[in-house]
Amino acid sequence: MSKTDAGLRKELVALLTKKQAHASLEDVARGFPAGLRGVVPDGLPYSAWQLLDHMRIAQHDILKFSTDKKYKSPKWPDGYWAKKPAPPSAGAWAATLKQIAADRAAFVKLVKTEDLFAPFAWGDGQNLLREALLIADHNAYHVGEMLVLRRLLGAWKK
């Protein structure tokens, strides 16, 4: 592995796993009041639960697409969003965070070991680098939305 390749992989792993220039998902999700997780603030189309579950579904979709040529993505947009604003159970929030972390760890392993630039044998020319950047960009966007949502609900004191 060249010094440049190793450096790129190190930065991608940091992009996927560290705070960087904004709050992390774990920061925003930690302490989110259970009674507010299913509240849809005025003017927004989703709750914190729907955002969190959307991040889980989308990241899992990218992981599976990156590793399984037979994988079929959910139908857009219905297959990517929770239908109801509230978590389906008391443990759903924690289980979803755990799944996001597990899928992120699996994707980081790919970033550390697989060819970043070779197009997948399936798809339309996507490669692992593109998918890593897509996960980072998508999650950062929705973490920011979740933080604003939390502020709108009066539940962000940092």
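The values are calculated or read from the model by the stated rules, or taken from the named source; none is laboratory data. Here the structure is a predicted model, which is why all the values come from computation and not from measurement. Ideal geometry is used to build each Cβ from the backbone, glycine not excepted, and the neighbour counts take in all protein chains shown. Ligands, DNA and RNA are excluded from the accessible area calculation, which covers all protein heavy atoms including side chains. Shrake-Rupley method; radii C 1.70, N 1.55, O 1.52, S 1.80 Å.
Share of the chain's accessible area from carbon and sulfur, percent, 1.4 Å?
58
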Cα-based Rg and Dmax for segment 22-100, where Dmax is the largest Cα-Cα distance (Å): 13.5, 41
Using θ = phi - 60° and the Karplus relation 6.51 cos²θ - 1.76 cosθ + 1.60, list the HN-Hα couplings for segment 9-17 in order, rounded to whole Hz, with x at every Gly or Pro. 4, 4, 5, 5, 4, 4, 4, 7, 10
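Please find the FRET efficiency linking Lys109 to Val148, where r is the Cβ-Cβ separation and R0 is fixed at 25 Å, and quote it to the nearest 0.05.
Working: r = 32 Å, r/R0 = 1.27.
For Lys109 and Val148, the calculated efficiency is 0.20.
Could you tell me what a quarter of the Cα convex hull surface of segment 56-128 works out to, in nm² with one decimal place?
Working: hull surface 22.2 nm².
With every direction weighted equally, the projected area is 5.5 nm².
Just to verify a number: FRET efficiency for Lys157 and Gln99, C-beta to C-beta distance, R0 = 22 Å, to 0.05?
Result of the calculation: an efficiency of 0.20.
With respect to the cross-link table entries Lys98/Lys157; Lys3/Lys69; Lys69/Lys112, which display a Cα-Cα separation exceeding 22 Å?
Values: Lys98/Lys157 24 Å; Lys3/Lys69 31 Å; Lys69/Lys112 20 Å.
Cα-Cα > 22 Å for Lys98/Lys157; Lys3/Lys69; rest within.
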Span per principal axis, largest first, for the Cα atoms of segment 35-158 (Å): 46, 31, 27
On the full set of protein chains, 1.4 Å probe, figure out the accessible area of Lys84 and give it in Å² to the nearest 10. 150
Considering only protein heavy atoms, what is the solvent-accessible area of Val40 at a probe of 1.4 Å, reported in Å² to the nearest 10? 60
Could you compute the FRET efficiency for Phe120 and Lys84, with r as their C-beta to C-beta distance and R0 at 41 Å, rounded to 0.05? 0.75
Taking all pairs of distinct alpha-carbon atoms in segment 1-66, Kirkwood radius in angstrom: 14.5
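Determine the calculated [θ] at 222 nm for the chain from helices alone, applying -39500 (n - 2.57) to every DSSP H run no shorter than 4 residues and normalising by the residue count; nearest 500 deg cm²/dmol.
Details: 5 runs with 87 residues, N = 158.
That calculation yields -18500 deg cm²/dmol at 222 nm.
With +1 on each Lys and Arg Cβ and -1 on each Asp and Glu Cβ, how big is the dipole of the chain about its Cα centre, in debye rounded to the nearest 20? Could you put the intermediate results ahead of the total?
Working: 24 positive and 16 negative charges, 91 e Å.
Roughly 440 debye, rounded to the nearest 20.
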Hey, rough spin-label estimate for Tyr141 and Asn127, points 7 angstrom out along Cα→Cβ, what's it come to in nanometres? 2.3
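Kindly report the accessible area of the chain per residue (heavy atoms of protein chains, probe 1.4 Å, no ligands, DNA or RNA), in Å².
Details: 9030 Å² over 158 residues.
Normalised by residue count, the accessible surface of the chain is 57 Å².
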